[in-house]
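The block underneath contains the structure these notes are about, expressed in structure tokens.
Every number here is computed from the coordinates shown, using simple stated rules; none is lab data. The model shown is predicted, which means the values in this text are computed figures rather than measured ones. Quick reminder, even Gly has a Cβ in these numbers, built from the backbone with ideal geometry, and neighbours come from all protein chains shown.
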Amino acid sequence: MKLKNVGALFTGALLAASLVACGGSQNSQSTGSSSDSSNGAAKTYTIATDTAFAPFEFADATNTYKGIDVDILAAIAKDQGFEYTLNPVGFDAALQNVQAGQADGVIAGMSITDQRKQTFDFSDPYYDSTVCCAVPTNSEVKSLDDLKGKNVAVKNGTQSQEWADSIKDQYGFTTTTFDTSDVMYQDVEAGNSAACFEDTPVMGYAISQYEETSGKEGKNFKIVAEVEADSKFATPYGFAVNKGANAELLKKFNDGLANIKKDGTYDKIVSTYVKSAK
Ligand code: GLN
């Protein structure tokens with residue numbers, strides 16, 4: 001079985017889960033044999049990603065996966081001549097898939113942290129990020145101080161969750177954990193959580209989409225706190241493979257990234273999604 005970019009055809013947790021099973025068996029077959037595909041072509045990599053993390057990866061109205069991560073991976077694969085299957089499984093699941101050998105790599109707005117470097121090898125950084133705290137625009141919460149005695153929503157396994165956990169005693173709030181950003185936002189909109197903690201480019205995009213489309217998409221939120229640029233929670237995104245594994249894929253990613261930065265493809269992709277692109 002040889003599927004290219006099949007993740008682009010599907011959305012939804014059930015389909016994503018079946019794609020994982022597919023990617024896993026495909027992967028184990030290919031590692032056991034040197035001629036892993038019917039026509040003897042090179043290996044098809046399995047790449048795990050998040051489900052809903054716009055503008056980096058998200059399903060559009062036609063259920064096609066797109067976003068900065070999706071598009072730069074496609075451009076790098078084209079530049080470097082490799083094939084891959086994209087599995088949108090969720091952020092924490094994506095990291096676990098790679099660690100369990102069910103995926104060769106992960107691209108999911110994944111922050112390059114010292115802790116993760118103990119278990120993953122990262123590509124060169126491809127996007128700067130920080131983390132922030134956001135509340136509904138009509139909220140009375142104006143700063144972290146106003147979260148005292150309240151509950152906030154965080155996303156499992158993320159840097160923003162780590163930031164929230166590191167300050168919750170100081171500010172006196174509790175946390176509820178969600179697997180995906182979209183369900184986390186819904187909890188805030190439903191009034192169950194007073195705020196959510198999220199990556200700033202992702203929250204900024206959700207807010208800008210709301211402003212552009214008058215509430216049809218995006219979020220009617222405002223950012224009330226953001227870490228400083230020199231914080232340990234302000235780290236760029238990288239593509240990752242399991243530590244010590246898939247060095248050839250990491251090299252292809254880095255070589256391709258350099259090429260698409262040089263020829264303007266990277267800037268073009270980013271400016272498709274982000275208005276004030278660097
Ligand atoms: N950048 C954050 C992290 O790596 C969140 C990524 C995500 O939710 N996809 O922890």
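One line per residue, one yes/no per condition, for (1) basic (Lys, Arg); (2) farther than 22 Å from Thr49 by Cα; (3) over 20 Å from the mean Cα position of the chain (by Cα):
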position	(1), (2), (3)
Glu228	no, yes, yes
Phe233	no, no, no
Ala258	no, no, yes
Ser271	no, no, no
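In the stretch 65-113, what count of residues is obtained for those that are part of a loop (DSSP other than H, G, I, E, B) and more than 14 Å from the ligand (Cβ to nearest atom)? Spell out how you get there, then give the answer.
Filtering the stretch 65-113 for residues part of a loop (DSSP other than H, G, I, E, B) gives 67, 81-82, 89-90, 100-104, 107-110, 112-113.
From the residues that got through so far, the ones that are more than 14 Å from the ligand (Cβ to nearest atom) too are 81-82, 100-104.
So the count comes out to 7.
Please verify whether Ala225 is in contact with a helix residue (DSSP H, G or I) (Cβ under 7 Å, 6 or more places away or on another chain), more than 16 Å from the ligand (Cβ to nearest atom) and not β-branched (Val, Ile, Thr), treating the condition exactly as stated.
On the way: in contact with a helix residue (DSSP H, G or I) (Cβ under 7 Å, 6 or more places away or on another chain): yes; more than 16 Å from the ligand (Cβ to nearest atom): yes; not β-branched (Val, Ile, Thr): yes.
So Ala225 passes the test.
Ile112 is checked against (1) out of contact with any Gly (no Cβ under 6 Å at 6 or more places or on another chain); (2) closer than 20 Å to Thr51 by Cα and fails just one. What number does that condition carry?
(1)
Of the residues in the stretch 42-86, how many are among the small types (Gly, Ala, Ser), in contact with an Asp or Glu (Cβ under 8 Å, 6 or more places away or on another chain) and over 18 Å from Asp104 (Cβ atoms)?
Within the stretch 42-86, the subset among the small types (Gly, Ala, Ser) is 42, 48, 52, 54, 59, 61, 67, 74-75, 77, 81.
Checking the rest, the ones that are also in contact with an Asp or Glu (Cβ under 8 Å, 6 or more places away or on another chain) come to 42, 52, 67, 77.
Restricting the remaining residues to those that are over 18 Å from Asp104 (Cβ atoms) gives 52, 67.
Of the residues in the stretch 42-86, 2 are among the small types (Gly, Ala, Ser), in contact with an Asp or Glu (Cβ under 8 Å, 6 or more places away or on another chain) and over 18 Å from Asp104 (Cβ atoms).
Could you list, in sequence order, all residues of the stretch 83-92 that are surrounded by 24 or more Cβ atoms within 10 Å (Cβ to Cβ) and not polar (S, T, N, Q)?
Matches in the stretch 83-92: Tyr84, Leu86, Pro88, Val89, Gly90, Phe91.
Name, by its number, the condition in (1) within 17 Å of Phe56 (Cα to Cα); (2) touching a Gly at 6+ places or on another chain (Cβ under 9 Å) that does not hold for Asn156.
(1)
Would you point out which residue out of Ala245, Ala195, Ala240 is buried (at least 20 other Cβ atoms within 10 Å of the Cβ) and more than 15 Å from the chain's Cα centre (by Cα)?
On the way: Ala245 fails: buried (at least 20 other Cβ atoms within 10 Å of the Cβ); Ala240 fails: more than 15 Å from the chain's Cα centre (by Cα).
Just one listed residue meets the conditions, Ala195.
Just wondering, is there one or more residues in the stretch 138-160 that are surrounded by fewer than 22 Cβ atoms within 10 Å (Cβ to Cβ), in contact (Cβ under 8 Å) with a residue 40 or more places away in the chain and among the β-branched types (Val, Ile, Thr)?
Among the residues of the stretch 138-160, at least one is surrounded by fewer than 22 Cβ atoms within 10 Å (Cβ to Cβ), in contact (Cβ under 8 Å) with a residue 40 or more places away in the chain and among the β-branched types (Val, Ile, Thr), which makes the answer yes.
How many of the residues making up the stretch 114-136 are β-branched (Val, Ile, Thr) and closer than 18 Å to Asp69 by Cβ? Lay out the reasoning, then the answer.
Taking the stretch 114-136 as the starting set, the residues that turn out to be β-branched (Val, Ile, Thr) are 119, 130-131, 135.
Restricting the remaining residues to those that are closer than 18 Å to Asp69 by Cβ gives 130-131.
Of the residues in that region, 2 qualify.
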